[in-house]
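The values are calculated or read from the model by the stated rules, or taken from the named source; none is laboratory data. Since we're looking at a predicted model, the values are computed, not measured. Ideal geometry is used to build each Cβ from the backbone, glycine not excepted, and the neighbour counts take in all protein chains shown.
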Amino acid sequence: MNENQNPWKILDTEIPYENNWIKVVHQNVINPSGGSGIYGTVHFKNIAVGVVPIDSDENTWLVGQYRFPLNEYSWEIPEGGCPNGEEVLDTAVRELKEETGLIAQKWTLISKLHTSNSVCNEVAYIFLAEDLSISEAEPEETEQLALWKIPFKEALQMVLEDKITDSMSVAGILKVARLKGY
């Protein structure tokens, strides 16, 4: 098996739907075993960025919001989309301030992940933000957010009990727990 060679053959491609954030792509293909089929994928126009803020007392901040696609409420790390041409760290700085009012002096990139690589091409970068100061949050008009300052160990327990299920939040909190020795 050659890791650098795509075993799928694309016969044709159509785009049945597109908006400012995503593009749905439908492709007729020949699969790796030679059979014909279809593959539908979602292409994201932004890069996903998440931030795990940790203060000197080992607290973190979670953002709560109703997630329309899930039809349920979700507690998550601060997250947002990085538009083309913007640096992911600049997006992380902006999103942390917008959603929590926090400003960090120390930033560490802790993870790159693909959120659901069987159906989409979304790439996410997660940062650890430390040396925090507090200012005013500036959420976007589409965001109705609740903010929760919580001991990091409790956020980790929420992940372990499936009370936090957002993939970027789970990955970010587990990675910080590993890096910090929790």
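Results for (1) in the same structural domain as V123 (by TED's automatic domain parsing); (2) within 23 Å of N117 (Cβ to Cβ); (3) modelled with pLDDT of 95 or more; (4) surrounded by 13 or more Cβ atoms within 10 Å (Cβ to Cβ), shown as yes or no for each residue.
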site: D55; (1), (2), (3), (4): yes, no, yes, yes
site: Y66; (1), (2), (3), (4): yes, no, no, no
site: P69; (1), (2), (3), (4): yes, yes, no, no
site: E76; (1), (2), (3), (4): yes, yes, yes, yes
site: G85; (1), (2), (3), (4): yes, no, no, no
site: L89; (1), (2), (3), (4): yes, no, yes, yes
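Could you tell me whether any residue of segment 38-54 is free of Cβ contacts under 8 Å to residues at least 60 places away in the same chain and small (G, A, S)? No.
Here is a check on your reading of the model: is A171 more than 30 Å from H26 (Cα to Cα), small (G, A, S) and at pLDDT 95 or above? It is false that A171 is more than 30 Å from H26 (Cα to Cα), small (G, A, S) and at pLDDT 95 or above. Of the residues examined, V123 is one that is in the same structural domain as V63 (by TED's automatic domain parsing), hydrophobic (A, V, I, L, M, F, W, C) and more than 15 Å from N59 (Cα to Cα). Contact map, segment 12-29: first residue within 20 Å of S118 (Cβ to Cβ), second residue outside any strand (DSSP E or B), Cβ cut-off under 6 Å, separation 6 or more or different chains; pairs are W21/K45; V29/W8.
Among residues of segment 124-147 that are surrounded by 15 or more Cβ atoms within 10 Å (Cβ to Cβ), those with a Cβ under 9 angstrom from a residue that is among the basic types (K, R) and not in a strand (DSSP E or B), sequence gap 6+ or separate chain, pair up as I126/K175; L128/K175; L128/K180; A137/K97.
Evaluation of N59 against the conditions (1) in contact (Cβ under 8 Å) with a residue 40 or more places away in the chain; (2) of a type in the set (S, T, N, Q); (3) within 15 Å of M168 (Cβ to Cβ) shows that the sole unmet condition is (3). Within the option set S116, S135, being in contact with a Gly (Cβ under 7 Å, 6 or more places away or on another chain) and at pLDDT below 95 holds for one residue only, S135.
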